[in-house]
1. Does the range 158-168 include one or more residues that are out of contact with any Gly (no Cβ under 6 Å at 6 or more places or on another chain), of a type in the set (Asp, Glu) and under 26 Å from ASN97 (Cβ atoms)?
2. Just to verify a result, which residue in the range 71-111, among those that are of a type in the set (Asp, Glu) and in contact with a Lys or Arg (Cβ under 8 Å, 6 or more places away or on another chain), is nearest to ILE168 (Cα to Cα)?
3. Just for strands (runs of 3 or more DSSP E) wholly inside the range 253-356: which have at least 3 residues that are surrounded by 12 or more Cβ atoms within 10 Å (Cβ to Cβ), at pLDDT below 80 and not assigned by TED's automatic domain parsing to the domain that holds ASP223?
4. Here are some conditions: (1) in the same structural domain as LEU227 (by TED's automatic domain parsing); (2) over 19 Å from LEU52 (Cα atoms). ILE115 meets all but one. Which one does it not meet?
5. Among the residues of the range 95-108, which ones are hydrophobic (A, V, I, L, M, F, W, C) and within 14 Å of MET54 (Cβ to Cβ)?
Amino acid sequence: MGRSLTRPGSLLRKQVAVKTFTKWDDQEVGFLEIDLVAHCGETTSGKFVNTLTMTDVATGWTELAALLCKSEDLVRTALDEAVTVLPFRVLGLDTDNGSEFLNYGMVAWCNARSITFTRSRAYRKNDQAHVEEKNGSVVRRLVGYDRFEGNAARECLADLYGIARLYINFFQPSMKLISKSRDGAKVTKRYDEARTPLERLLESRTISNKLQKQLKTQFTTLDPVALLSDMAKLQAKLWTFAVGKNGSEPSRTAPVSAAKSIPQRAKRKSRFHRRPQDTPTAKIFEIILSLPRGTPVEAKDFYQFGSIHFVNSALRHFWKRDRIIARAAFGKYVRIDPSEADSVENMSCKSRNKTS
């Protein structure tokens, strides 16, 4: 578990307003929650690398910056760089009560850019639920809980974040809580449809048409498999900089591989690349993939590859697991795209409902 190194900055606690849910518009793009993650390992002594996590509340767009140490000057320098990279204008910042955030330099930085500066309540981590979730699901899963020191480790971590930001913001979907109700001891939560930060940003209509075209063009040039491969290589390189408690022995806790941070639905696409070659199942799979969308697929068309039981089992696998066909009746299917599988109804169930 990570250690909390937040030290209260009491100097400006009365000058910086506490964020409340009635005044904070979490539906407007540009209001960020920011927080520091310490890569200190088992001891907090000395200097160690920190991660500055910046998350937009409305879209979930996340930027990560590697800092050489915990410093208010380095925090502002990282924010200067983030402002130039973010595809939208920063309207507000919400921080915890740490002295690296609550200082006159940060107040002056926000005032010069007309940015609303607020802070969370002391000892209430849920006030920054959005950025705290990214600290765990992104930073800790990519970097782990080891100790990293020096500029070489910081540069390697910065390179990792430069690639991770593309995968997180362009390809990693997430759901947002819409409502929560309680009936006695039962709590019911409703979430919206899972979308990527890029999709939420484009739907918000807060950026210019020119920038929308640039983001869409950039999206078409990115390969998520290549991004994950590059992230895994940088993770292995970063592991060489991990130090132990005494500064010489390496830590025994390895970072989580980038491939393990993929959502379950995205993992389905990787099955296509791991399928054994030159097998009857692989040949049937390739034939179905070559068919245009909407083409009927019947079991009798593939009896040359095996028995009726084998073909039906293969088609059922493609329907259940790979999601490249939708079932119309027993032994009869329709070719679909895997990306549309979650929105395609089971046609056999639909027909049964009509007859009943």
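1. No, the range 158-168 contains no residue that is out of contact with any Gly (no Cβ under 6 Å at 6 or more places or on another chain), of a type in the set (Asp, Glu) and under 26 Å from ASN97 (Cβ atoms).
2. Step by step, filter the range 71-111, then rank; the result is ASP94.
3. On the way: elements: 296-298, 325-329, 332-335.
Those strands (runs of 3 or more DSSP E) do not exist here; none qualify.
4. (2)
5. Restricting attention to the range 95-108, the residues satisfying the condition of being hydrophobic (A, V, I, L, M, F, W, C) are 101-102, 106-108.
Hits for the range 95-108 are PHE101, MET106.
The values are calculated or read from the model by the stated rules, or taken from the named source; none is laboratory data. From a predicted model like this one, the values you see are computed outputs, not experimental measurements. When we count neighbours, we look across all protein chains shown, and the Cβ atoms used for this are built from the backbone with ideal geometry, even at glycine.
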